Structure formats: C-alpha cells, structure tokens
Amino acid sequence: MGEDGESPKINHSFLRDYVTEADVISTVEFNQTGDLLATGDKGGRVVIFQRETEPKGESEELCESGEYNVYSTFQSHEPDFDYLKSLEIEEKINKIRWLPQQNAAHFLLSTNDKTIKLWKVSERDKRPEGYNLKDEEGRIKDISTVTSLRVPVLKPTDLMVEVRPRRIFANGHTYHVNSISVNSDGETYLSADDLRINMWHLDITDRSFNIVDIKPANMEDLTEVITAAEFHPHHCHMFVYSSSKGTLRLCDMRESALCDKHSKIFEEPEDPGNRSFFSEIISSVSDVKFSHSGRYLLTRDYLTVKVWDLNMEKGPVETYQVHEYLRSKLCSLYENDCIFDKFECVWNSTDSVIMTGAYNSFFRMFDRETGRGVTLEAWRESSKPRAVLRTRRVYTGGRRRRGDVGVDSLDFSKKILHMAWHPAENIIAIAATNNLYIFQDRVNPENQ
C-alpha cells in the first residue's frame, strides 16, 4: 500500500522515441539554388526551410554555409475518399519538385497518391493603405460618403510568407502516383503511376497527355509495374522510367507521341546461379536519377546502387553493394515487409559521389573514382553543432572491431529512405523517420 504514495515514474526515453505516423517525413527536395529545402510528411504537410544568407554567430567557420531555418509550413493535401472505388486516399506527400525560379516567387509541385498541386511561395513586406472604396478594416464604404480621391500607398510591414495553391491537377491517374518530374523546358512535367505516365502543361489542369501505358488488356497478364520516372536534365524530349523487373527504358518523344516503344532498354542479365524466390523482388528498381551531366543514370534496387551509361545498354558500368550482408536475411525481411522498402539515391553536384540509404539510421556514400564506400550514421548526437559524422561498420565475420554493429543487432524500423544533395555544395539532407538531418562539408568518401 505504501507504493501508492510514490510519484509515478515517466519513461522519458519512450516519449522521446515515440513517433506519430503523420510526422514521418516522406520526401525531401532542394530547390535549384539550394537556398530552400522542402520536406513532405505522411500527414500531408509541407515544411520549407530557408538558408540564412549571413552567419549570425561570431564564428564564420561554424556558420560558413549558413543554417537552414523554418521558412513556411502549410497543409498541402487532406485525406480524401474515392467513392467510385470505395478507397481511402491518403494525404501522404509522395514527391515534391521545385520549378525553376522565374521571378521573386517560388513554385513547387507536390503530390499524394492521386492529386498533384502547384503552389506559389511568395514574400510580402509591404501593405497598401489609402483605399478610396474600402475603410481601414477592408469593408466597402458607402459611395455617397466619398468626397475626395486618394492615391493608395505601400507601407512597410512585417515580413509575411504566403503560400497559395495556383493549380490543382486531378483525375489524371487511376493508380498511385509514384513520381513527378519537371521538364527542362520549364513548361511541362510528367507524373507516373504503376501503369501509366502522363505529361502535363503547367497552365492546363483539365487534361494531360498519356505518353506511356503498359496496362495489358487482361490484368492477369500483368508482369511488371512502373516504379519511377524522370525527365532528362537537358533534353526536353527524353525521359526514363524504371520497372519492378529491374529494367530501365529510355524514351524519345520525337519518335512517337505514345512512347510504348522505348528507344533504349537497360537491363543486367540475371545470373542463373543466384536465382531464388526473392530475385525479382530485390531486383525491382525503387529510384532512378539522371546525372547532372545527363550522361549517366543512377538506380537503386534493394541491395545495390548502380550507375548506367546512356551509351551502353548491356549492363551497368558501376555496381556498389549497399548492404550485401542482408542477403542471408531476405526471408525474415520478406516476413516483416522490409524487403519492399523503397530507398532513394542521389548524386552530388559534380556526379563524383553517390549516396543512398540503409537501415539502423545508416546511409552510404560511394566515391566513383576510387570505388570505395563509407557507412555513416544519422543520429541525435550528430545534430550537435560541429559534431563529426561517425563512420560505422556492420560486422559480418572475421576480426571484430570496437564499435562494429552485428547484422542481428540492426534496427530495421530506423530506415533512411529519403535524402537530397545540395545542387552546388557538399550539403546533404537526410530524413530519418520524423527527424531531418542536414550535414555539410564533414565527410570525405575516400576515407573508409
């Protein structure tokens, strides 16, 4: 009975690690200058971070590249319901893509499973005063009380960031949208779902042009689905899409309006000796990215990340093992559905280093010149000012070093799926569940 008088103990570590599903980050994207960084989450929210232009602290070394602070937050999508199919439509943001900046305002596209929206992000630091037909509170005046005309003036006011929807592109997809990509012409973009790819004009919301359709006449004949798609960074007529069979198809819209026939197909011949029940699942491409030069393609499947030359279709020119030690764990990963996780991959600004995610809050970087890779960890201690990222190693046999992590000790709930690399500098953004980590100039991939 005496224990009833004691104050209850609160498990603070549990509260700290508790994450609501709506707060989990589902996409990360820098704009073309790298001054803005947008994240989307499973709750349908978009958070935009802005880079500080001037260091606020005394130490220039500490703030040499400027910090990223919250610039604006808005609700992009709400939960919806498809009454024809009796299906719930999640508010989760699948992708965000910035449009090239044309004026002082910024524009971005965001999409959930069905609806794509174009948002205008602008600043206002002045407000008009001296209306003739409105009073100070914005109410319409009685015209009979207006005895003289005034010239309205703009007066300074506190900075306000306005986010407004400019276009809503709906009813273009029957299946879940997995990719959007802005064309280099600055006027069109593509959106891809499991079976079709559509091209939209940014000014036209009521119709789109179907440019790829792989839906068979009989759905029982379906053997693959589209997993990702992207426009070429320089040639507005070219785009690539990947499939669940591990193939890449390069299409040229100059050849045909409907690109059911590809210009090139990139695939790696399967080794019959490695054939297993999981072969097709782990060969599915979860992400594809053109290099900044437009010469190469970067793809990610479950165990590897590969670099393909557009001029060589017979196989990848580079293959990097991300977590080969999981090959022996595929059965348990299939049972807990982790084998279906969709990892992203990104290039650095010079196309010399590639990055992709893994489990246990680990992410991998590979230097293309040396072929060497490094495993890094995104964790709370890394977020302290001037903290250096720790290199980690997964123990798979042989001599065990201090700090090595055993394969059986990996936490598969802490996965790095989404990331972005600054378009000009060595600044990376890593999404780890509901945490966003931004690192800069601290890692040299040549150092194992």
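Data overview
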read-out: Compactness of the chain as Cα Rg over 2.2 N^0.38 Å, two decimals; value: 1.11
read-out: Taking the convex hull of Cα positions in segment 319-394, its mean projected area over all directions (nm²); value: 6.3 nm²
read-out: Candidate residues Arg196, Arg164: accessible-area rank, largest first, probe 1.4 Å; value: Arg164, Arg196
read-out: Cα extents of segment 142-229 along the three principal axes, largest first (Å); value: 77, 30, 22
read-out: Highest-fluctuation residue, Gly44, Gly172, Gly315 considered, GNM on the chain with Cα pairs under 10 Å; value: Gly315
read-out: Positive-end residue of Asn178, Pro165, His201, charge dipole of segment 141-273 with Cβ unit charges; value: Pro165
read-out: Rounded FRET efficiency, nearest 0.05, which uses the C-beta distance separating Glu255 from Asp125 and R0 of 56 Å; value: 0.65
read-out: Additional length obtainable on full extension of the chain from Val388 to Ser279, 0.36 nm per residue less Cα span; value: 35.5 nm
read-out: Cα gyration tensor shape for segment 65-169, rounded if a/c is under 1.5, else prolate or oblate; value: oblate
read-out: Residue of Asp35, Asp82, Asp252 that the Gaussian network model of the chain assigns the largest fluctuation, springs spanning Cα pairs under 10 Å; value: Asp82
read-out: Segment 160-319 - percent of accessible surface contributed by carbon and sulfur, probe 1.4 Å; value: 48 percent
read-out: Solvent-accessible surface ranking, highest first, for Tyr320, Tyr175 at 1.4 angstrom; value: Tyr175, Tyr320
read-out: 10 °C / 1.306 mPa s Stokes-Einstein diffusion coefficient of segment 84-233, Kirkwood radius on C-alpha pairs, µm²/s; value: 84 µm²/s
read-out: For the chain, accessible area per residue (1.4 Å probe, heavy atoms of protein chains only), Å²; value: 55 Å²
read-out: Paramagnetic reach from Lys215 (point 7 Å along Cα→Cβ, amide N under 20 Å) across segment 236-254; value: 241-245
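The values are calculated or read from the model by the stated rules, or taken from the named source; none is laboratory data. All values reported here derive from a predicted model rather than from experimental measurement. Heads up, the Cβs are rebuilt from the backbone with ideal geometry, glycines too, and the neighbour counts pull from every protein chain shown. We work out accessible area using only protein heavy atoms, side chains counted, and drop any ligands, DNA or RNA first. Shrake-Rupley method; radii C 1.70, N 1.55, O 1.52, S 1.80 Å.
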